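Structure first, then comments.
Each value in this text was obtained by applying a stated rule to the coordinates, not by laboratory testing. Quantities reported herein were computed from a predicted structural model and do not represent experimental measurements. Cβ sites come from the backbone with ideal geometry, for glycine too, and all protein chains shown count toward neighbours.
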Amino acid sequence: MSRSPAVVVRSDACLLHVPGAEIWVGVRTPGTELPERATRIEEVLRRAGHRVVDATTHDDDVLLRVHEPRLVEHLRTVHARWVEAGFPVEPGQDRVVPYLMPTAGMLDGLPEREPVAVHAAAGRYCYDTMTLVGPGTWEAARAAVDATLDAVDLVVAGEPLVYALVRPPGHHVTRAAYGGSCYLNNAAVAAEALRDAGHERVAVVDIDAHHGNGTQAIFYDRADVLYASLHVDPGAGWFPHYAGFADETGRGEGAGANLNVPLAEGTGDVDWLDAVARIADAVSRHGATALVVSLGVDAAAADPESPLRISHDGYETAGRRLASLTLPTVAVQEGGYHLDTLGDLVAVTLRGLCG
Ligand code: SP5
Ligand code: ZN
């Protein structure tokens, strides 16, 4: 059974976020999560003959159940507040970047107040220094949510496979904190919207090279949404460092509904595809009736942001293994930073997902 071609949902507004830079160990380095990522992917998918549609707009209902309203409000307003406070002029920083994070160790049990100063508020919601907010960041992140919700609507209406070609990505965003080049959790929005549409059990399979700590956290206490991820081992020193370990299996009612498969640096197709098969089996056991794929292609050998070494064939085989679950599927773009290959990597993964 082939489900080709896939429907692709995209939005011009997703191009409005321009990271400008990442502050890495205090040093300003060029941003990697660039608008060109989306244009490159779209070019390849159009040539491959997929049906490409523009995103429409949706209200905040699902978004405000996935994230705390204070995070959404912060992201919507923080850049204007930053400009208003004069930071682009003095000291000359036009993007929102935190300088202080109110960690559990700092607060030591004190209440987490909402600070008056915008530069202090920045660290309450952003947990790293690499995820800057510029003038178009909110619009782009919100458009990615819209495109994702369109993908869900199309799947609910009977399309077997819909791909949300979105950026910025989302899987590192928790209920109330963003980071890792992500601002709003698109995959979590997709899973929640599929639940609303009547799918009582949903699985999120995350094949991005990095662990999706945000998606894991959002569903960690829930039995209805399985989160399963294969990723470079955080215990070997890789982002997100504090989550993604094999012993994180869910909590309370969510016990058993979280599966992490951390992989050694240098892992290639054979071991990576073994992990994909393990995860696909877990999705079957979970009894999911719909699937969300967090489709990052940064595990590819050529990608500069991860040490995994997956080939194009590996990605296609992974797609085919997930297609064999024969579940209605929403694929959501996550990472992937090697501009010359990421379009083809997404295309072959979708070809595999078509079955
Ligand atoms: C969605 C996604 O793939 N996010 C990945 C975030 C991981 N970023 C970790 C960056 C670690 C430092 N990289 C140095 C490059 C400096 N530009
Ligand atoms: Zn990644």
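The conditions are (1) buried (at least 24 other Cβ atoms within 10 Å of the Cβ); (2) farther than 18 Å from residue 330 by Cα; (3) of a type in the set (S, T, N, Q), and residue 216 fails exactly one of them. Which is it?
Unmet condition: (2).
All but one of (1) of a type in the set (A, V, I, L, M); (2) within 16 Å of residue 18 (Cα to Cα); (3) loosely packed, with under 14 Cβ neighbours inside 10 Å hold for residue 116, so report the exception by its number.
Of the numbered conditions (1) of a type in the set (A, V, I, L, M); (2) within 16 Å of residue 18 (Cα to Cα); (3) loosely packed, with under 14 Cβ neighbours inside 10 Å, the odd one out for residue 116 is (2).
Please return the ranges of strands (runs of 3 or more DSSP E) entirely within segment 1-78 where 2 or more residues are closer than 29 Å to residue 130 by Cα.
7-10, 22-24, 27-29
Among residues belonging to segment 276-308 that are within 16 Å of ligand 2 (Cβ to nearest atom) and not aliphatic (A, V, I, L, M), point out the one that is surrounded by the fewest Cβ atoms within 10 Å (Cβ to Cβ).
Taking the candidates together, the pick is 304.
Exactly one of these conditions fails for residue 327: (1) more than 17 Å from the chain's Cα centre (by Cα); (2) within 16 Å of ligand 2 (Cβ to nearest atom); (3) part of a loop (DSSP other than H, G, I, E, B). Give me its number.
Every condition holds for residue 327 apart from (2).
I want to confirm something. Restricting to segment 309-350 and keeping residues that are within 12 Å of ligand 1 (Cβ to nearest atom) and among the aliphatic types (A, V, I, L, M), which single residue is surrounded by the most Cβ atoms within 10 Å (Cβ to Cβ)?
Only one residue fits best here, namely 332.
So which of 158, 198, 180, 214 ends up being out of contact with any strand residue (DSSP E or B) (no Cβ under 9 Å at 6 or more places or on another chain) and within 16 Å of ligand 2 (Cβ to nearest atom)?
One residue alone meets the criteria, 180.
Could you list, in sequence order, the residues of segment 160-178 that are in contact (Cβ under 8 Å) with a residue 60 or more places away in the chain and either part of a helix (DSSP H, G or I) or more than 10 Å from the chain's Cα centre (by Cα) (or both)?
160, 161, 162, 163, 164, 165, 175, 176, 177, 178
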